[in-house]
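S.K.: One structure is given below, represented as C-alpha cells, and several questions about it will come after.
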Amino acid sequence: MHNFLDVLNLLKKYDIYIHVGKRLWDIELAAIEIDNLYRAKLITPKEYAQIKLVLNREHEDEARREQEQEKY
C-alpha cells in the first residue's frame, strides 16, 4: 500500500466502493471500512498498520489542502 488508490482497490476486492463526494470524507469512510475488515480478520495486522499509515498521511494532506483553499 502506497497511496489512497491502493486502499480503494483493496476495498473493491471486498465489494466496498466509496464515493461520498468529498475526498476527505472518502478517506474517513475508508478508514472505518478498513477497521471493519481488520476486526473481521480479513487483513493481517501488518497490512492494517500499513493501510492506516497511508490513510493518516492522505487525511493530513487533504485537510491541509482544504485549509489552503479556504484562505483564498
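Since every read-out is calculated from the coordinates, none of them should be taken as a lab result. Note that the coordinates shown come from a computational prediction; the quantities given were computed from them, not determined experimentally. Note that we place each Cβ from the backbone using ideal geometry, even for glycine, and neighbour counts take in every protein chain shown.
S.K.: Mind putting together the pair-distance distribution for the chain? All Cα pairs, 5 Å bins, whole percent per bin, short to long.
M.R.: 3, 17, 28, 25, 13, 7, 4, 2, 0
S.K.: In whole Å, how far is the Cα centre of the range 29-44 from that of the range 56-72?
M.R.: The two parts, judged by their Cα centres, are 25 Å apart.
S.K.: Per 0.36 nm of contour for each residue apart, how much would the distance between Arg39 and Asn56 grow if the chain were fully extended, relative to their Cα-Cα spacing?
M.R.: 4.2 nm
S.K.: Next up: Does anything in the range 45-72 have its amide N under 18 Å from the 7 Å Cα→Cβ label point of Arg23, and if so which residues?
M.R.: The answer is 53-72, whose backbone nitrogens lie closer than 18 Å to the label point.
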